[in-house]
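Below is one structure; the comments refer to it alone.
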Amino acid sequence: MLVAPSVLSADFGNLQRDVESICEAGCDLVHVDVMDGHFVPNLTIGPVVVSAIAACATKPLDIHLMVENNTFFVELFAPLKPEYISFHIEEEKHPHRLIQKIRSLGIKPAIVLNPHTPPESIEYLLGDLDMVLLMSVNPGFGGQSFIESVIPKAMKLSEMRNRINPNCLIEVDGGVSDKNIHMLKDAGVDIVVAGSYVFNHANKKEAIKSLQI
């Protein structure tokens, strides 16, 4: 299991310190939540702050767009060369076109599904994706409780992935901890996003290690 701590739960007064600490603690990716205050009821960070994160991170960035006008934001963040850019299928009218655009920029494209969105909605896009991110909370805020129905949803997506595109990774974001990590692993999940669990832990290395099963 790969672990991508979400900097949404970091101390923004000491952002460099916290980003460096999770990289030193052995995380696999640095998850960056970009919210525009329109698609979700919260506003987070833009390219100036993400550029600062990229400058001190020694692990690849995993940028999760929770925005309207996805293409605009893809072009805004592409120069930072993240490993992944993911966008919400609920917001995008032309997902295949955007997937091709992200890949043409040398970045791995990913799609995000909100808790209510069925995996079948992206069946005909799976062959073109590097990752699918399943939200296990409603997007917009950190520190929420895990929605259990993501487990059967991940199992269904894993079956589809194995049939259509075995190289596509499955990521889960929201309420992840050592209490549900084994269920997620058994459901076929490859990457977990953990914010509060990692950043609120007295020992970040220990927290990350407990998820890398």
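The values are calculated or read from the model by the stated rules, or taken from the named source; none is laboratory data. As the structure is a computational prediction, the values presented were derived from the model and not from experiment. Methodologically, a virtual Cβ is constructed for each residue, glycine included, from the backbone with ideal geometry; neighbour enumeration extends over all protein chains shown.
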Among the listed residues SER86, SER121, identify the single one that is touching a residue at least 40 places away in the same chain (Cβ under 8 Å) and closer than 23 Å to GLY174 by Cβ. SER86
Looking only at the range 80-90, count how many residues are surrounded by 17 or more Cβ atoms within 10 Å (Cβ to Cβ) and out of contact with any helix residue (DSSP H, G or I) (no Cβ under 7 Å at 6 or more places or on another chain). 5
Which numbered condition LYS93 misses (of (1) more than 17 Å from ARG161 (Cβ to Cβ); (2) touching a residue at least 12 places away in the same chain (Cβ under 8 Å); (3) surrounded by fewer than 16 Cβ atoms within 10 Å (Cβ to Cβ); (4) charged (D, E, K, R)): (2)
Is it true that some residue in the range 39-53 is among the aromatic types (Phe, Trp, Tyr), touching a strand residue (DSSP E or B) at 6+ places or on another chain (Cβ under 9 Å), part of a loop (DSSP other than H, G, I, E, B) and closer than 28 Å to PRO115 by Cα? yes
The condition from (1) in contact with a Ser or Thr (Cβ under 9 Å, 6 or more places away or on another chain); (2) surrounded by fewer than 20 Cβ atoms within 10 Å (Cβ to Cβ); (3) of a type in the set (Val, Ile, Thr) that THR117 misses is numbered (1)
As an exercise: evaluate SER104 against (1) closer than 23 Å to LYS156 by Cα; (2) out of contact with any His (no Cβ under 7 Å at 6 or more places or on another chain); (3) small (Gly, Ala, Ser) and give the number of the one condition it does not meet. (1)
Can you say whether PHE77 is among the aromatic types (Phe, Trp, Tyr) and either more than 19 Å from ALA10 (Cβ to Cβ) or exposed (fewer than 14 other Cβ atoms within 10 Å of the Cβ) (or both), as far as the supplied structure shows? no
ASN167: farther than 27 Å from PHE12 by Cα, at pLDDT 95 or above and in a loop (DSSP other than H, G, I, E, B), yes or no? yes
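Mind checking whether some residue in the range 11-19 is of a type in the set (Asp, Glu) and either crowded, with 21+ Cβ neighbours inside 10 Å or touching a His at 6+ places or on another chain (Cβ under 9 Å) (or both)?
Filtering the range 11-19 for residues of a type in the set (Asp, Glu) gives 11, 18.
Then drop every residue that is not either crowded, with 21+ Cβ neighbours inside 10 Å or touching a His at 6+ places or on another chain (Cβ under 9 Å) (or both), which leaves 18.
Within the range 11-19, one or more residues are of a type in the set (Asp, Glu) and either crowded, with 21+ Cβ neighbours inside 10 Å or touching a His at 6+ places or on another chain (Cβ under 9 Å) (or both).
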